[in-house]
Structures are given as C-alpha cells and as structure tokens.
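Notes follow once the structure below has been shown.
The values are calculated or read from the model by the stated rules, or taken from the named source; none is laboratory data. Values in this document were obtained by computation on a predicted structure and should not be read as measured data. Positions of Cβ are backbone-derived with ideal geometry, glycine not excepted, and every protein chain shown enters the neighbour counts. Accessible surface areas use protein heavy atoms only, side chains included; no ligands, DNA or RNA. Shrake-Rupley method; radii C 1.70, N 1.55, O 1.52, S 1.80 Å.
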Amino acid sequence: MYRLFNKELLYRILSVIVFIPLVILPIIYSKYISVFIYLLFTSIILIEIDDMKTKVSKKNIFNFYIAIVIISFFIFLFLLLNEIFSYETLVYLIVIIWLFDTFSFIGGKIIGGRKLMPKISKGKTFAGLFTGIFVTLLINEMAVYILEFQFKLSILTILMIMLLSFIGDILVSLLKRHASIKDSGFIMPGHGGLLDRLDSFIVVFFVFGISVLIV
C-alpha cells in the first residue's frame, strides 16, 4: 500500500481538487467561460508539445499530434456551443474518462504485476487496466441505479470511451519517449504537464466528436 500512499498521490489529489472544478464548472454554468478556459488549455498544451519538439530532430509525429489536439478541442467547443451534446452528457463523458484513468492508476500501484507496455510506459500494468475497466463500469451502473439517471451510456459505448482514453494516453507516452522526457511539463504537481492530464480527453473527443458529427 505504501506504493500508493506517497507524495505522488498527495500531489495528484491536490491537483484534482483544483483541476476538476476548473474543467467541469464552466461547462455547467457558462459556455463562454468554457470557450476561454478550453482555449487556454489548448494553448498550454500546444506550448508543451512545441517544447518537446525542440528536443528531437524528426518532428512529423509531433506536427500530426498538434493537428489532432486542435481539431479535438474545436470539436469539443462546437459540440458544447451548439448544444449537440447537453452539458450533462459532456460531464458524463469527462467523469468516465477520469474514473478509468484514476482507478487504472490505483490498481496498477496497489496490485502491480506484469507491465502492459514497458517499452512505452513503465507505469502501466495489466492489473491497472483491468481495475480501471471494472471499477468504472461498476461505479457507472451503481450511479445509474441509485441516482436514476434518465440518460445513460451503453456498456459498449463506455468500453469504447475507455479504449480511446487508453489510446490517447499511449500516444502521449510515445511522444514523451521519443523526446526522452518523463512529463510533458510541470504545471500540475503529481501529473506533470497539462497534456499529461488531458491526453485521454483529446483522442476521446476527436474520435467520438467526429463520429457524432458525421452521423
């Protein structure tokens, strides 16, 4: 248990206490504040990626990812401003991503075990991945039952969101490995850069948003 309850976890908790309201409250209370906040997030993330680019000679992979970041955030804002998704749906998606990310981290720290992709990300384990999936699905079903949500995502949709979240995390791990760095930045103690915290969101809203717009 010591591997879990350490300074890293404390930093993560403090960062989340500040970060979660900053991400969710604008979506609930003001679309226009949301535009400002998320454009600010995008700018910081692009600065972090550009800083990583300076550490490598081959920059095409970073330029490709920059395009994904920009498209993803503008799709998110488009969905929000045009009310294609209700704010409840957007918050629902964000919470699912956070649950999966958080319990994957906790499961990996407590259980440990076989590494998932040691050459890409040393911290990810099979136990962590399965813990994240199981606990996220469990909490979702309990919340739907207890709170009697009128709107709920299917298990298949939630699994797809978690898959995209995982892919987003791995993509940024690849970028950091390519640049020979541990964190994308230092803005969030315990997490590193803003990109380290929002990597999952970027791919989820890129793929999920495009699919919704096409359909």
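Inter-label distance, Ser86 to Asp50: 4.0 nm, where each label sits 7 Å from its Cα along the C-beta direction. Shown here is the pair-distance distribution of the chain: with all Cα-Cα distances grouped in 5 Å bins from zero up to the longest one, the shares run 1, 7, 14, 19, 21, 18, 13, 6, 2, 0, 0 percent.
Computed across segment 92-215, the Kirkwood radius stands at 15.3 Å (inverse of mean 1/r, all Cα pairs).
Please return the longest stretch of the chain lacking exposed loop sites, where chymotrypsin sites (Phe, Trp or Tyr not before Pro) count only if DSSP places them in a loop and at most 14 other Cβ atoms lie within 10 Å. That would be 6-148.
On a per residue basis, the chain carries 55 Å² of accessible surface, using protein heavy atoms and a 1.4 Å probe.
Taking only the Cα atoms of segment 156-215, the ratio Rg/Rh comes out at 1.06, with Rh defined as the Kirkwood radius.
If a spin label sat at a point 7 angstrom from the Cα of Ile61 along the line to its beta carbon, the backbone N atoms of segment 166-196 nearer than 18 Å would be those of 166-185, 195-196.
For the chain, the mean residue ellipticity at 222 nm estimated from helices alone is -26500 deg cm²/dmol, where every DSSP H run of n ≥ 4 contributes -39500 (n - 2.57) and the total is divided by all residues, rounded to the nearest 500. If I compute solvent accessible area with a 1.4 Å probe over the protein chains, what percent of it on the chain is carbon and sulfur? Answer for the chain: carbon and sulfur cover 72 percent of the accessible area. Working from label points 7 Å from Cα in the Cα-to-Cβ sense, the Ile110 to Ser211 distance is 3.0 nm.
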